[in-house]
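Below is one structure; the comments refer to it alone.
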Amino acid sequence: VRSSLRTRLSLSYMLIAMICVFLISIFANFFLERQFRSYIMKNQERKNKEIVELIKKQYTSNGLWRKEIIENIGVSSLEQGLIVKLKDSSGKVIWDAMAYNHGMCQQMMFQMSQNMYSRYPNFKGGYKEDKYSILVNLKEVGIVEIGYYGPFYFNENDLIFINTLNRILVSVGLFSLILALLTGIIMAKRLSMPISRVISTARMISRGSFEVRSFEKSDIKEINELTLTINNLAENLEKNEMLRQRLTSDVAHELRTPLTTLQGYLEAMIDGVWRLDSERLKSCHEEVIRINRLVGDLEKLSKYENQNLKLNKTNFNVSELIRGLILNFEHEYLSKRIEVTFRGEEEMITADKDKITQVLINLMSNSLKYTPEHGKVEIEVKDLKDKTQISVKDNGVGISEEDLPFIFERFYRADKSRSRITGGAGIGLAITKSIIEAHKGSIKVNSKLNEGTEFIVLISKKYL
Ligand code: ADP
């Protein structure tokens, strides 16, 4: 059965309170009553001895008993429920409560047994008699017999005490039950209210309102973490949604230009405005190539711009890698008469070799694209203790100050008309940045229009 946090908590609190109260009452009743009983029994013994002591004082030096005083003692004892009998050493009865007032003694004993029985139906009590001999100068001069209701007896006051005790226990029990219930409800409220609010925020997010945030402040650690996680989730969803929308519109925009051109060419040829010759077909072919390249770039983008880009790390020599790439580009550099130089020690780094290769290809092909004939490209690798710095510097067209902050964004091209001829879609640097960031490295650019551009990549040698 699924119950709410509130019911669950309140019930558990109540159950604990009930168990505690139950245990406490059992222990209290058991131990307190036992203690109280032994106290009553000791008290009885003490009273008996007091009476014996009082009677002993009534024995005169000439071997006689002061009968009137003994009678007073006997009567006052009787009023306390004690039946006193005094015999002298020869066994002769000096004073006997039974003889003095038999009816009252009987009545009293009956009353006592009734009282005890009404409260403890299983109580095995009855008339008991204790004997005490009175010694004077080590000689027994008399025997006192004290009869009482035993083994113990609770008088009115004792019963009131016991009842009060029980009543206190019951009240404490009821009080703690109510307290437990209230605490349970309050605790549950403090727990479930913020959770419910976070849930309703999460529900709104799941319905597509990615901009809502939970502002739940709680002193409970888990709830704070929940709020934080939900907010992070919403933020990521919001960002992804934005990226998705932007990507779609960017792609549509990028595709439109070559498609419109192609459509225009084809329509002109169909309508006979243009003659169908190989020159015109070549123009169409170029547009198709452009579209194809864009699609290829998009493929790369989806591969590398994935947030959870998986890195396949190995330890390799970047300098060696760069030298190899320069050889691959040799033909293109030569055909533009661009001079390429490489400087640097052998540098080992731990990174994803394929992806770092992609980074280097992007930077090198940019330097090739944006440097006019007879230019210079310098590639350098530097050892910065725990980092490796790779720089690609050219003396090409450069990037204007206004464009510089945006060149790493997707589909951003500094000079639209120029780039259309060179063919880039503005995706290369976006991919480059994603790869470097996945490696927890950084990329920087220094550039001046008409002077040249330098890209500087910093990457940790030991990838953490
Ligand atoms: P593209 O495919 O257009 O080259 P990139 O993302 O690689 O896309 O580069 C974005 C823009 O940054 C380019 O269009 C270009 O204007 C500018 N850029 C990149 N590298 C250089 C460079 N070495 N020199 C001058 N401009 C550059």
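The values are calculated or read from the model by the stated rules, or taken from the named source; none is laboratory data. Here the structure is a predicted model, which means the values were calculated and not measured. Note: ideal-geometry Cβ built from the backbone for every residue, glycine included; neighbour counts use all protein chains shown. Each accessible area value is taken on the protein alone, full model and side chains, heavy atoms only, with ligands, DNA and RNA left out. Shrake-Rupley method; radii C 1.70, N 1.55, O 1.52, S 1.80 Å.
What to note about this one:
- Cα gyration tensor shape of the range 96-169, rounded if a/c is under 1.5, else prolate or oblate by comparing a/b with b/c: prolate
- The range 160-219: chymotrypsin sites (Phe, Trp or Tyr not before Pro) in DSSP coil with no more than 13 other Cβ atoms inside 10 Å: F215
- The sum of -39500 (n - 2.57) across all DSSP H runs of n ≥ 4, divided by the residue count of the chain, sets its helix-only mean residue ellipticity at 222 nm to -20000 deg cm²/dmol.
- Listed cross-link partners K300/K385; K382/K440; K355/K382; K92/K139; K336/K461; K42/K124 are compared with a 25 Å cut-off, the Cα-Cα value being larger for K300/K385; K336/K461.
- Of all DSSP beta bridges in the chain, antiparallel share, percent nearest 5: 90 percent
- Note that the chain presents 62 Å² accessible area per residue, ligands and nucleic acids not counted, probe 1.4 Å.
- The chain, accessible surface, carbon-and-sulfur percent (1.4 angstrom probe): 57 percent
- The angle between the Cα long axis of helix 5-27 and the main principal axis of the chain comes to about 20°, on a 0 to 90 degree scale.
- Evaluating 6.51 cos²θ - 1.76 cosθ + 1.60 at θ = phi - 60° for every residue in the range 42-51, the Karplus couplings come out as 5, 4, 4, 4, 5, 4, 4, 5, 4, 4 Hz, glycine and proline recorded as x.
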